[in-house]
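Colleague: Take this structure, written in structure tokens, and hold onto it; I'll ask about it next.
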Amino acid sequence: MTGLEPTQASSIVNAMTVDVEEYFTIQALDQLVPRGRWSYYPSRVDHQTRDLLDLFEQHNVRATFFVLGWVAERHPALIREIAARGHEIAAHSYWHRLVFELSRDEFKEDLRRVRGVLEDLGQTRVIGYRAPTYSVTKASLWAHEILVEEGFEYSSSIFPIVHDRYGIPDYSRHPTRVSTPSGPIWEFPLTTLPMIGARFPVAGGGYMRLLPARLIGWALRRVNQVEGQPGIIYLHPWEIDPDIPRFRQGFLKDTRSYVGLRSLRSKLDELLGTLPFSTVQEVLGLSASN
């Protein structure tokens, strides 16, 4: 594996990413909300995502939107709007199933389905992929080879931390060129910061809902200035919507899912105003036309 060469901090741009899915399609709700019942719940993803699009426009920021295929089929105008506003469309699977629970053939079928939907709606080549719940782990590193075979050029699917559901704690912390039998692919792991012998997650999502925006910004600047590397932020549209319907899942899952919903939008606004962000494609120097 090889990584990005360290860059002058003044020229580093971080990646801003959005996982476009509904509040009821998250992996934590698999038992409470089976996929066969998804269509029974009121959709909120359209206005949530459009709110994010307006916020990005205010800051002149382009982002990468990792879109769930099931959502894209039900909101085609939203996908066209994302593309029309100059953002990158990438794949977030069709059914939001964990990669390490799929066979290679099932994974390949899912990739083809979601990519077909997104390319048809966005009228652009899709070269990026993010696994649901960062489910490329040591048990599913084979996914990189399948992604190359299917024409993807990068993945952002590994969280290099210790976690009860995902993570490869000793994986590279920075964008890495991975060799596979089918060819190379970039892996852009979620941003962490080494502290007191461990890796502290600062990439967004629930971590950004819990932590002050200034702390997230400080961590990203440290990665940029001290290590000469880009960071990456992620969030879901439902995380800026404090009025989403809530499901009782137990204290830990409720905390992970719902803490900080009222503050995330303002934190994102602050980060967008103080740090440079763009699409994963641009940060990695890729082009969908290649």
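The numbers here are math on the coordinates, done by the rules we state, and not lab data. Given the structure is predicted, the values throughout are model-derived calculations rather than measurements. Note: ideal-geometry Cβ built from the backbone for every residue, glycine included; neighbour counts use all protein chains shown.
Colleague: When ranked by the protection proxy of mean other Cβ atoms within 10 Å per residue, highest first, what sequence do the peptides 40-47, 121-128 form?
Modeller: Details: 40-47: 14.0, 121-128: 20.0.
By packing density, highest mean first, the sequence is 121-128, 40-47.
Colleague: Please figure out what share of the DSSP beta bridges in the range 119-275 is antiparallel and state it in percent, rounded to the nearest 5. List each step's numbers first, then the result.
Modeller: Working: 9 of 14 bridges.
Antiparallel: roughly 65 percent of the beta bridges in the range 119-275.
Colleague: Sticking with this structure for a sec: So for the pair D120, S266, with labels modelled 7 Å out along Cα→Cβ, what separation do we get in nm?
Modeller: Here the answer is 4.3 nm between the modelled labels.
Colleague: Turning to a different aspect of this structure: Fewest first, what order do D243, D19 take by the number of other Cβ atoms within 10 Å? Walk me through the numbers before you get to the answer.
Modeller: Working: D243 9, D19 26.
The most exposed by this proxy come first: D243, D19.
Colleague: What FRET efficiency comes out for Q225 versus R248 if R0 is 41 angstrom and r is the Cβ-Cβ distance? Round to the nearest 0.05.
Modeller: 0.40
Colleague: Sticking with this structure for a sec: GNM on the chain, C-alpha springs below 10 Å: top fluctuator among E73, E88, E239?
Modeller: With Cα springs under 10 Å in the chain, the top fluctuation among E73, E88, E239 is at E73.
Colleague: Each residue of the range 33-43 in order: what ³J(HN,Hα) in whole Hz does its phi give by Karplus 6.51 cos²θ - 1.76 cosθ + 1.60, θ = phi - 60°, with x for Gly and Pro?
Modeller: Listing the rounded values in order: 10, x, 4, x, 10, 3, 5, 7, 9, x, 7 Hz.
Colleague: Test of understanding: ordering I196, I244, I12 by Cβ neighbours within 10 Å, fewest first, what list do you get?
Modeller: Working: I196 5, I244 19, I12 22.
Fewest-to-most Cβ neighbours within 10 Å comes out as I196, I244, I12.
Colleague: Anyone know which of P169, P181, P160 comes out most mobile in the 10 Å Cα GNM of the chain?
Modeller: P181
Colleague: Using a Gaussian network model of the chain with C-alpha springs under 10 Å, which one of A83, A91, A203 is most mobile by mean-square fluctuation?
Modeller: Maximum among the listed residues: A83.
Colleague: What are the equivalent ellipsoid semi-axes of the range 190-270, built from the alpha-carbon gyration tensor (square roots of five times its eigenvalues), in whole angstrom, biggest first? Show your work: numbers first, answer last.
Modeller: Numbers: eigenvalues 130, 42, 16 Å².
Its equivalent ellipsoid spans semi-axes of 26, 14, 9 Å.
Colleague: Continuing with the same structure: What list do you get for W186, W218 if you sort them by fewest beta carbons within 10 Å?
Modeller: W218, W186
Colleague: Something else about it: If you average 1/r over all unlike Cα pairs in the range 78-223 and invert the result, what Kirkwood radius do you get in angstrom?
Modeller: Details: mean 1/r = 0.0616 Å⁻¹.
That comes to 16.2 Å for the range 78-223.
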